[in-house]
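Report on one structure; see the data block that follows.
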Amino acid sequence: MALSKALYKSAALRSLPDLGRTMIEANIEITRENPELLFVTLVACMLDVETGELAYCNAGHDPPQLVGAGGGSVRQLKAAGPPLCTLENYPYQVAHARMVPGESLILVSDGVAEAMQVMPGPIVFV
């Protein structure tokens, strides 16, 4: 995971603000350093805080959600490409959504879903 994080950061520094290009570059870099044939799921996001424009790219991760103020409404954003290191030269695409004042972006690690299968009952984060 540490190597994947470092390689993704390197790809981002070379190709931002183009999230799609960042994902493609990261896929190439991480795959090259992956003799164990592991994969990585992630969501990369960029938010323009003045306009509320959210650009995101999903690589096999649980879909992000936008939750309205007070938890009233939930919008699930579309999922997109496969995890990194699974398809060579996959053309990751950037999706867009507009956040409104009071909305929260919710990203859930796939580790939470895996933990729920192992540990019955609710998990409370404090």
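The values are calculated or read from the model by the stated rules, or taken from the named source; none is laboratory data. All figures in this text were calculated on a predicted structure; none of them were measured in a lab. Here Cβ is always computed from backbone atoms with ideal geometry, including for glycine, and neighbour counts include all displayed protein chains. All accessible areas refer to the heavy atoms of the entire protein, side chains included, with ligands and DNA or RNA removed. Shrake-Rupley method; radii C 1.70, N 1.55, O 1.52, S 1.80 Å.
Couple of notes before you dig in:
- Per this entry, SER4 is not counted among residues that are closer than 25 Å to LEU105 by Cα and either over 14 Å from the mean Cα position of the chain (by Cα) or aromatic (Phe, Trp, Tyr) (or both).
- Pairs where the first residue, in the stretch 49-72, is over 24 Å from ASP18 (Cβ atoms) and the second is assigned to a strand (DSSP E or B) and open to solvent by 10 Å² or more (accessible area, probe 1.4 Å), C-beta under 7 Å, 6+ apart: GLN65/VAL74; GLN65/ARG75; GLN65/GLN76; GLN65/ILE106; VAL67/VAL74; VAL67/SER104; VAL67/ILE106
- Residues that are open to solvent by 50 Å² or more (accessible area, probe 1.4 Å), in contact with a Pro (Cβ under 9 Å, 6 or more places away or on another chain) and under 27 Å from MET1 (Cβ atoms) within the stretch 50-79 comprise GLN76, LYS78, ALA79, listed in sequence order.
- On inspection, LEU7 passes the criterion of being outside any loop (DSSP other than H, G, I, E, B), surrounded by 12 or more Cβ atoms within 10 Å (Cβ to Cβ) and of a type in the set (A, V, I, L, M, F, W, C).
- Boolean, LEU47 is at pLDDT 90 or above, of a type outside the set (D, E, K, R), open to solvent by 60 Å² or more (accessible area, probe 1.4 Å) and farther than 13 Å from TYR92 by Cα: yes
- Residue match in the stretch 89-102 (condition: under 26 Å from THR31 (Cβ atoms), open to solvent by 60 Å² or more (accessible area, probe 1.4 Å) and at pLDDT below 90): yes
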